[in-house]
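K.L.:
The following block contains the structure, expressed as structure tokens.
The values are calculated or read from the model by the stated rules, or taken from the named source; none is laboratory data. Model, not experiment: these values are computed from the prediction. We place every Cβ from the backbone using ideal geometry, glycine too, and count neighbours over all the protein chains shown. Only protein heavy atoms, including side chains, enter the accessible area calculation; ligands, DNA and RNA are left aside. Shrake-Rupley method; radii C 1.70, N 1.55, O 1.52, S 1.80 Å.
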Amino acid sequence: MEFRTLKKNEIEKITEINRDEKVKNVYYYENGKIVLKKDDYGATNEWWQKEEVPHIIPRIKKIFDNNGLVYGAFKNGKLVGITAVENRFLKDHPDLMSLDALYVTSNIRGKRIGSKLLKKAKEFAKSKGAKGLYISATPSKHTVNFYFKKGAKLAEDPNSRLFKREPEDIHLVLYF
């Protein structure tokens, strides 16, 4: 496994990441708290490629152009994981930077790739003077629990820009 900063022309390789995931338990916001419920929620790689990737690639290219972190995991030359952190502080959370992306190919999850990518994201934000990361997490039990295990907490005051973009996500903060 090779971990390194991506070149701008490699950002398109995000299409190599397979996001197939069947989810049976999902977190929802209710009265300022999150509640875990049974739900058939999931992503197919077809949906990911058609609905999400066309929006994600321009965002990550913008992060790259603004000297943010765009860092990937490669296996046999194929992109199997990526993380991206904006190189700016959030207006309503001036001590935090946004973890814009952290994706790992479905068939290799659970092998600490996400942990290594998150560690690099934290190192980048800390080097810029941030006190933590703001995370807009897919509401699946697996994803949210991953961040909880890393020390993230529910955002008491969700970032307005990111909440507007992804209101169904679970909004978290991870302080260092």
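K.L.:
Work out how much length Lys75 to Lys61 would gain on full extension: take 0.36 nm times their residue separation and subtract the Cα-Cα distance, in nm to one decimal.
P.N.:
Working: separation 14, 0.36 × 14 = 5.04 nm, distance 2.19 nm.
Value of the extension gain: 2.9 nm.
K.L.:
Roll a 1.4 Å probe over the protein chains and send me the accessible area per residue for region 2-175 in Å². Walk me through the numbers on the way to the answer.
P.N.:
Details: 9480 Å² over 174 residues.
Spelled out: the 1.4 Å probe surface of region 2-175, per residue, equals 54 Å².
K.L.:
Hey, of (i) 17; (ii) 28; (iii) 13, which did the structure itself give for percent of Cα pairs over 28 Å apart when calculated?
P.N.:
(i)
K.L.:
Taking the Cα centre as origin and putting +1 on Lys and Arg beta-carbons and -1 on Asp and Glu beta-carbons, what dipole magnitude results for region 2-175, to the nearest 20 debye?
P.N.:
Values: 35 positive and 23 negative charges, 145 e Å.
Charge dipole, region 2-175, about its Cα centre: 700 debye, nearest 20.
K.L.:
What nm value, rounded to one decimal, do you get for the distance between Asn87 and Glu30 when each label is placed 7 Å out toward the C-beta?
P.N.:
4.4 nm
K.L.:
Also: Using alpha carbons only, how many angstrom separate the centre of region 129-156 from the centre of region 1-65?
P.N.:
Here the two parts' Cα centres lie 15 Å apart.
K.L.:
Computing the accessible area with a 1.4 Å probe over protein heavy atoms, can you report the carbon and sulfur percentage for the chain? Display every interim value, and only then the final one.
P.N.:
On the way: 4700 of 9680 Å².
The nonpolar share, carbon plus sulfur, comes to 49 percent.
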